[in-house]
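Structure first, commentary second.
The values are calculated or read from the model by the stated rules, or taken from the named source; none is laboratory data. Note that the structure is a prediction, hence the values are computed from the model and not measured. Here the Cβ is made from the backbone with ideal geometry for all residues, glycine too, and neighbour counts use every protein chain on show.
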């Protein structure tokens, strides 16, 4: 059966399927979200890609995770696959803001549960050398938008970026 993914049932069109160069433009915290397993803190990692523009805008795709860096957590596995390096076994905290501006190669697939088609990041890995994607100058991060501003002046202890090898851990 051939699927028409132009109408997802939600009034939007999902990101194209395929392999793309991508850059992380935002990491959005969603505290205390209701899930089928109860209330969970969630993290949304948002990318723009080199897929053809739509309506003069880059295509974007997000990956959602439970906010956990447990050794078996999907977020930890995603970050390790992205940078091709394991996090230290004893690391339980992680400053997700260091991901903003980091480049990757992603594979996007479509899933259609019911009548709605979703674009999902199936695979992530390091970006090839020379990847030229940048965060658009006019992009405003979710936390910086007027309707979402909170007091974010202080960085919690233990979440500072470690710059010794250029990786965020």
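General remarks:
- Candidate set from the range 132-164 (those that are under 18 Å from residue 43 (Cβ atoms) and not in a loop (DSSP other than H, G, I, E, B)); member that is modelled with the lowest pLDDT: 148
- For the range 115-131, filtered to residues that are in a loop (DSSP other than H, G, I, E, B) and in contact (Cβ under 8 Å) with a residue 40 or more places away in the chain, the residue that is farthest from residue 82 (Cα to Cα) is 115.
- Scanning the range 129-147 for residues that are more than 16 Å from residue 100 (Cα to Cα) and touching a strand residue (DSSP E or B) at 6+ places or on another chain (Cβ under 9 Å) yields nothing.
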